[in-house]
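Have a look at the structure below before the remarks.
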Amino acid sequence: MNAPSEPTDFPPRSKRQLLPSAIARVDATFTSSDGISIRGRLWDISPAGAGIQFNQTVSIAENTLGSLVLHHSYSHAELTLEAEVCWVAKGSASSLIGTVFSSTIKPGTFLDAYF
């Protein structure tokens, strides 16, 4: 698979943690404000935003508002966050999007282990 590279001209607002997918798979569904849903997996996370990887090329634009549902595949815990797409990187068969949350993630979620 030809993975896109993450843009470097959008520095993260806080330190991001890559997720080891074999150990800690977190599924992600981004639903835009106009109702379009795309499913992927959490690539990296910080209290202020996240990177999501999709195994397809997605048609989503920067500045798109929506909700991001994160679902831990082992514990089945779920968290919904309001988010805005701040960058999009497309490869031939996959895409990455960077999102920023409307408010930071508060402690006490299944994501605590990744910060």
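The values are calculated or read from the model by the stated rules, or taken from the named source; none is laboratory data. Not measured: the values here are computed from a predicted model. Glycine also receives a Cβ, built like all others from the backbone with ideal geometry; neighbour counts cover every protein chain displayed. Each accessible area value is taken on the protein alone, full model and side chains, heavy atoms only, with ligands, DNA and RNA left out. Shrake-Rupley method; radii C 1.70, N 1.55, O 1.52, S 1.80 Å.
Key figures for this structure:
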item	result
Unique residue being open to solvent by less than 70 Å² (accessible area, probe 1.4 Å) and at pLDDT below 95 when the list is 101, 110, 115	110
Some residue of the range 71-79 being within 22 Å of residue 25 (Cβ to Cβ), open to solvent by less than 40 Å² (accessible area, probe 1.4 Å) and of a type in the set (Asp, Glu)	no
Pick from the range 42-59, criterion part of a strand (DSSP E or B) and either surrounded by fewer than 18 Cβ atoms within 10 Å (Cβ to Cβ) or aromatic (Phe, Trp, Tyr) (or both), ranking: nearest to the chain's Cα centre (by Cα)	43
Subset tally (residues that are in a loop (DSSP other than H, G, I, E, B), touching a strand residue (DSSP E or B) at 6+ places or on another chain (Cβ under 8 Å) and either modelled with pLDDT under 90 or within 24 Å of residue 34 (Cα to Cα) (or both)) for the range 60-98	7
Leading residue by the ranking (most open to solvent (accessible area, probe 1.4 Å)) among those in the range 80-98 that are of a type in the set (Gly, Ala, Ser) and touching a residue at least 60 places away in the same chain (Cβ under 8 Å)	92
